[in-house]
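All remarks here apply to the structure that follows.
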Amino acid sequence: MAGSLAGMVSTIVTYPTDLIKTRLIVQNMLEPSYRGIFHAFSTIYQQEGFLAFYRGVSLTVLGAVPFSAGSLLVYMNLEKIWNGPRDRFSLFQNFANVCLAAAVTQTLSFPFDTVKRKMQAQSPYLPHCGGVDVHFSGAVDCFRQVVKAQGVLGLWNGLAANLLKIVPYFGVMFSTFEFCKRICLYQNGYIMSPLSYKLTPGVDQSLKPQELRELKKFFKTGQLKSKKPTL
């Protein structure tokens, strides 16, 4: 619950920058409407008002539903795919798992992103209404117009390019996280190598790092560091 709320707040706070990015991407560079980020902020505010910065924000929130559902679906079936527990996966398996999860979640949530981008780009103050290929009055109407003009698959236009960016991004990020976690476990003596999750024989995995270090010191010196009494 706390994570969902934090994600929602961060999305709302940073959403105007996402809209500005879309406007700068779609504008005609031969006749630009915006000279830069700050000029875009001031121009949009003066011409379209403050609420224009949040055009399509509801689709970001709605798109999080299939994104989360897809992540959970893949996560719950990883053991069946690899025929083993998740905490024993190799680095390659972790990389493949994250790439698969990212591909599934992006595919499920991409229609919301397509409509969001069109809503961000559309503006009556821009040439050709921002260059959008369909004209609409709201989110639902945008879905309808895209399907009417391009078919259902039109909602997934640009998916391949998005996957080329998102899939390796998440794969590298989470694989790096897993590897760093293994290095910490190895340095603290819980596993035998950072390249695997093979547990160190005779080590109680429930002990905290400080407790494990004290126990090792006890076996070497025969003295266990006593804790000072606290009031």
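Exactly one condition in (1) modelled with pLDDT under 80; (2) surrounded by 13 or more Cβ atoms within 10 Å (Cβ to Cβ); (3) over 24 Å from the mean Cα position of the chain (by Cα); (4) not small (Gly, Ala, Ser) is not met by Val74; state its number.
(3)
Identify the residue in the range 149-192 that is touching a helix residue (DSSP H, G or I) at 6+ places or on another chain (Cβ under 6 Å) and of a type in the set (Val, Ile, Thr) and, among all such residues, is surrounded by the most Cβ atoms within 10 Å (Cβ to Cβ).
Per the criteria, the residue is Ile191.
Examine the range 127-138 for a residue that is assigned to a helix (DSSP H, G or I), in contact with a His (Cβ under 7 Å, 6 or more places away or on another chain) and closer than 30 Å to Glu48 by Cα, and state whether such a residue exists. Even if it seems obvious, please write down each step before you answer.
To start, the set of residues in the range 127-138 that are assigned to a helix (DSSP H, G or I) comprises 127-131.
Now restrict to residues that are in contact with a His (Cβ under 7 Å, 6 or more places away or on another chain): 129.
Keeping just the survivors that are closer than 30 Å to Glu48 by Cα gives 129.
Looking for residues that are assigned to a helix (DSSP H, G or I), in contact with a His (Cβ under 7 Å, 6 or more places away or on another chain) and closer than 30 Å to Glu48 by Cα, one finds at least one in the range 127-138, hence yes.
Would the range 47-59 turn up any residue that is in contact with a helix residue (DSSP H, G or I) (Cβ under 8 Å, 6 or more places away or on another chain), among the polar types (S, T, N, Q) and modelled with pLDDT of 80 or more?
Yes: the range 47-59 contains one or more residues that are in contact with a helix residue (DSSP H, G or I) (Cβ under 8 Å, 6 or more places away or on another chain), among the polar types (S, T, N, Q) and modelled with pLDDT of 80 or more.
Could you identify the single residue in Pro111, Pro85 that is surrounded by fewer than 18 Cβ atoms within 10 Å (Cβ to Cβ) and either more than 30 Å from Tyr45 (Cβ to Cβ) or in contact (Cβ under 8 Å) with a residue 12 or more places away in the chain (or both)? Outline the logic, then answer.
Numbers: Pro111 fails: surrounded by fewer than 18 Cβ atoms within 10 Å (Cβ to Cβ).
The conditions single out Pro85.
One line per residue, one yes/no per condition, for (1) over 23 Å from the mean Cα position of the chain (by Cα); (2) not in a helix (DSSP H, G or I):
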{"residue": "Phe143", "(1), (2)": "yes, no"}
{"residue": "Thr176", "(1), (2)": "no, no"}
{"residue": "Phe179", "(1), (2)": "no, no"}
{"residue": "Tyr197", "(1), (2)": "yes, yes"}
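Looking at Leu199, Leu195, which is the one that is surrounded by fewer than 16 Cβ atoms within 10 Å (Cβ to Cβ), closer than 20 Å to Pro85 by Cα, touching a strand residue (DSSP E or B) at 6+ places or on another chain (Cβ under 9 Å) and modelled with pLDDT under 85?
Leu199
One residue is enough: does the range 19-33 have a residue meeting the conditions free of Cβ contacts under 8 Å to residues at least 60 places away in the same chain, farther than 16 Å from Gln122 by Cβ and β-branched (Val, Ile, Thr)?
no
Only one of (1) under 15 Å from the mean Cα position of the chain (by Cα); (2) in a loop (DSSP other than H, G, I, E, B) is not met by Ser123, so which one is it?
(1)
The values are calculated or read from the model by the stated rules, or taken from the named source; none is laboratory data. Every value quoted in this text rests on a predicted model; they were computed, and no experiment measured them. A quick note on method: Cβ atoms are made from the backbone with ideal geometry, for glycine too, and the neighbour counts reach across all protein chains shown.
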